[in-house]
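The values are calculated or read from the model by the stated rules, or taken from the named source; none is laboratory data. None of the values given here were measured: they were computed from a predicted structure. Every residue, glycine as well, gets a Cβ built from its backbone with ideal geometry; the counts of neighbours run over all protein chains shown. In case anyone asks, the SASA skips ligands and DNA or RNA and just uses the protein heavy atoms, side chains included. Shrake-Rupley method; radii C 1.70, N 1.55, O 1.52, S 1.80 Å.
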Amino acid sequence: MERIAITEAATKVLEQLKEKHGDLIFHQSGGCCDGSAPMVFEKGDMYLDESDILLGTLNEVNFYMNQDQFEYWKHTHLTVDVTEGRGASFSLEIPLGLRFLIHSRLLTKEEEAFFNA
């Protein structure tokens with residue numbers, strides 16, 4: 001079972017960013033700017049610590065979420081998507097006139113038992 005997925009459109013943007021920037025990570029902090037939106041950074045440009053939870057890997061890019069933010073999202077399945085428009089973040093897709101966003105749905109009973117036992 002997966003807790004997180006990515007759309008085909010977001011995959012295309014992610015692959016473009018990987019070609020330009022190399023290894024990447026996603027992070028969703030819940031902090032300032034567009035903190036509740038997923039942001040993508042070059043691997044090593046974002047300081048991760050014990051408060052960051054690895055939710056999964058999307059096309060060889062790890063997706064981390066701050067544990068405080070995770071408390072709000074732990075009962076949901078997340079799908080990373082992309083839309084036109086500039087966000088207010090430092091995420092690498094912003095200069096392309098795009099921004100990543102999250103679609104969510106509640107976990108099924110089976111997923112809930114698996115992820116939040």
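Anyone know which of GLN16, GLN28, GLN69 comes out most mobile in the 10 Å Cα GNM of the chain?
GLN16
Place +1 on the Cβ of every Lys and Arg and -1 on the Cβ of every Asp and Glu in the chain, take the dipole about the Cα centre, and give the residue among GLY85, LEU106, GLN69 whose Cα lies farthest towards its positive end.
It is GLY85, whose Cα lies furthest towards the positive end.
Tell me, what % of the accessible area of segment 73-115 is carbon and sulfur with a 1.4 angstrom probe?
58 percent
So in segment 4-117, what percent of DSSP beta bridges are antiparallel if you round to the nearest 5?
75 percent
Which value, in Å², gives the accessible area per residue of the chain when a 1.4 Å probe is used on the protein heavy atoms?
58 Å²
Largest first, what is the accessible-area ranking of TYR64, TYR72 with a 1.4 Å probe?
Ranked from most to least accessible, the order is TYR72, TYR64.
By the scheme Lys and Arg +1, Asp and Glu -1, what is the net charge of all other residues having a beta-carbon under 9 Å from that of LEU78?
Net of charged neighbours comes to +2.
Helix 8-21: angle to the longest alpha-carbon principal axis of the chain, degrees 0 to 90, nearest 10?
50 degrees
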